[in-house]
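Reviewing the structure listed below.
The values are calculated or read from the model by the stated rules, or taken from the named source; none is laboratory data. Model, not experiment: these values are computed from the prediction. Positions of Cβ are generated from backbone atoms using ideal geometry, with glycine treated the same way; all protein chains shown enter the neighbour counts. All accessible areas refer to the heavy atoms of the entire protein, side chains included, with ligands and DNA or RNA removed. Shrake-Rupley method; radii C 1.70, N 1.55, O 1.52, S 1.80 Å.
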Amino acid sequence: MTERESAMEMLLERLRWPVKMVRWKTAKAIRSLLLNDESRAIATKALLAWVAARNLESEVISGLSVLMVSPHEVRPPFDDLETSINRPSMAADFLLHEMYGMSTGRWYSAHSSSAPADFAAESYFYEHKTAQVPPALEHELNYLEERTGLPFLRQWAFEWTALRTQLQAGYTRYPTYFGDFGLQREGIVGQFIQRQGELYRSAYQRTLACAADEWGVPFHSVAPFATYGVPALPGLFEVEPAARPAWLPSIDAAELQNNDLASTARALIALQPKDDFQVVQMRIPFDRSFDEFGELEIAAYFASDDFALGDNQLLKDDGQLLESRHYHFDMPRSHLKPRGDVGKRGSALSACCDEYPMIHGYWHDEYYQRGLSLPAPYCFEQPTFQRARPDGIHLSIGDEEVGSTAIWHDAWTPLYGPNSATRCGTITRIRRSQLTAATVRLGKKVGWFVRLSRMEKSEGGYDRSPKDVSTFVHL
C-alpha cells in the first residue's frame, strides 16, 4: 500500500467516527479529492472498496451519500457502484435513483425473514434503542404498526438480534471518552453514533424490506420511511461555519453581573450593523471560561402593547416540517399559519420559525437541535424561497434577498447541557422594510424575548443543574 492509499483509507474510516460533525467534514474532504483531477481515480477506487467492505446497511448509505453530494461528472459508472454494494437497502436504492435515475430492487431480500412466534428480544435492545438512535425511528415503526396491524417493532428487534449475532457486535454504551462521568451525571451529553447505533439503523432498513417482501405492504407505503436512514441533505451539506460576527462581544460573568437581562439585550441589539437588515434572533454561547454549556437567546416577537410573560414562561419559535418533491434543502417554503403565545397579559408571535425538512440528513442533527431558524413565512406577503450556501442560509423573494441565518462554531464540542444545544451560535436577520410591513399587517409591535440558560451549582453543592431566566423587553 502506498502512502497515499494508506492516508485515503484512514480518511474514509472517519466516516465511522462517533461524532456526526466529523463525518460531515470527512465527507467534504473526500468530495474535494473526487473533484481534483489528480486524486479522483485513487479516491474513487478507495471509496468503492470501502463501500464493498461494509457489512451494515447504514454504513453503505454513508458511502453513497458522499457521492450524492458530489457533481454527477465525478461519480463512478452506475454498474461499478452498484456491484460494490453488498448490503443493499431501500435507502441505498433511493440514493442510486437520485444519482443515476436507476435502482436495483435488491433490497427486497435484504432481511432475516419474519420473526418466529416465540422470539423475545433481549433487554438491551429496549433499554438502549432511543439512546443509540433518535426516537423518530421507533415512532415511525410504531406508526406503521398501528396503520397495518403488522409487528414492525418486533421485527426491528429481530433484525437487530440477527445482525448482532452475525457480526458478534459488542454492547456499546455511552461513549465516556467524550467528557467524563461527572458531566453525564449532570445531564451533559452529546449526540453520538456508535457501532450499536449502526446496528439499530441497519435493522430499521431491514424491517422495511421485510414488510414489503414478506408481508405484502405496498412499496409506496414504506419507501418514504427509508429516508430516515439518509445522513446528508444536499444544499445544507454545503453550509460552513461562519466567523463569529466582529461586532458581537464576548458574553462573560462581568457582562451579566453589570447589567440585567433587558439592558444586556438592548446593548447587543444596538451593536448590530446599520444596514438594510434587522437582527430578529441571536443565540449566543457564553464565553467558554465562564460557562461552557450556557447561552443567551434574544428573539424578536410581534407583541401586543400589554404583553407580559407568565410565571416561568418560555417562548419558543414556531416550526414547520418542509416537504418537497426534490431531495434538497433549497425549496419554496409553504404557508405557515400564525400561532401566538398567550402570556400573563396579551399575546406574542415569534418573528422566526425553525425549518425541518422531511428528508433531513442526520449528520446535520447539531444544527437541527440548535434550530435552523429563519424569518417566518407570515412575515412576508409573498412566498419565500430558502437556499443554503457556504456562508449560511438565505431567504429570497424572486431575486431579492429578504432574510438570512449565519451559523458559527464557538469553541465547539459535541457536548451540550439539557437546556441548550452544542456551541453553535446563530444570527437571523430580515430586511427592515419587510419587518416594518409585517408589524403593520399583524397589528403588533416588535418586542424581545430574552432567555439566559446556565448550568449552575447550588450553594454548597457539587453537581450543576440547568437554570433558565427569562424576560420580555418592549422597545
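Structure summary
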item	result
Packing rank of 161-170, 60-69, 341-350, where each peptide gets the mean count of other beta carbons within 10 Å, highest leading	60-69, 341-350, 161-170
Apportionment of accessible area to carbon and sulfur, the chain, percent (1.4 Å)	51
Cα principal axis extents for the range 403-471, largest first, Å	51, 26, 13
Cys353 long-range amide H proximity, modeled H, under 5 Å	Leu374, Ala376
Cα-based helix-to-principal-axis angle, 135-148 vs the chain, degrees rounded to 10	70
Solvent-accessible surface (1.4 angstrom probe) belonging to Thr172, in square angstrom, nearest 10	40
Rounded to 10°, Cα long-axis angle of helix 123-132 versus longest principal axis of the chain	50
Set of lysines with alpha-carbon distance to Lys445 below 20 Å, sequence-local pairs under 8 removed	Lys316, Lys337, Lys344
Per residue accessible area in Å² of the range 411-475, where ligands, DNA and RNA are left out and the probe is 1.4 Å	46
Table column - 3J(HN,Hα) (Hz), the range 16-31, Karplus curve with 6.51, -1.76, 1.60, x for Gly and Pro	10, 5, x, 8, 4, 4, 5, 4, 4, 5, 5, 4, 5, 5, 5, 4
Whole-Hz ³J(HN,Hα) from phi, Karplus 6.51 cos²θ - 1.76 cosθ + 1.60, for the range 56-62, glycine and proline x	9, 4, 5, 6, 4, 4, 4
5 angstrom amide H check on Val280, placed H, neighbours 5+ away	Thr428, Arg429, Ile430
Under the Karplus curve 6.51 cos²θ - 1.76 cosθ + 1.60, θ = phi - 60°, whole-Hz ³J(HN,Hα) for the range 162-178, x wherever Gly or Pro sits	5, 5, 5, 5, 4, 9, 6, 6, x, 8, 6, 10, 4, x, 5, 6, 9
Crossing angle, helix 432-442 versus the chain [Cα axis fit, 0-90 degrees, rounded to tens]	80
Inter-centroid distance (Cα atoms) of the range 274-296 relative to the range 155-186, Å	35
Measure of compaction for the chain (Cα Rg per 2.2 N^0.38 Å)	1.05
Spacing of the two label points (7 Å from each Cα toward its C-beta) at Thr436 and Arg266, in nm	2.3
Euclidean distance of C-alpha centroids, the range 259-273 and the range 406-475, integer Å	13
Per-residue [θ]222 nm for the chain (sum of -39500 (n - 2.57) over DSSP H runs n ≥ 4, rounded to 500)	-11000 deg cm²/dmol
Nearest-0.05 FRET efficiency for Arg345 and Gln382, computed from C-beta distance (R0 25 Å)	0.15
Antiparallel %, DSSP beta bridges [both residues in the chain], to 5	90
Surface accessible to a 1.4 Å probe, per residue, for the residues of the range 119-243, Å²	41
Solvent-accessible ranking of Met331, Met102, largest area first, probe 1.4 Å	Met102, Met331
Members of Lys20/Lys45; Lys20/Lys457; Lys20/Lys274 lying beyond 27 Å, as alpha-carbon distances in this model show	Lys20/Lys457; Lys20/Lys274
Alpha-carbon centroid distance for the pair the range 25-90 / the range 212-227, whole angstrom	26
Packing-based order for 448-454, 22-28, 185-191, using average beta carbon neighbours within 10 Å, highest first	448-454, 22-28, 185-191
Peptide ranges 113-121, 319-327 listed from the most packed, as the mean C-beta count within 10 angstrom indicates	319-327, 113-121
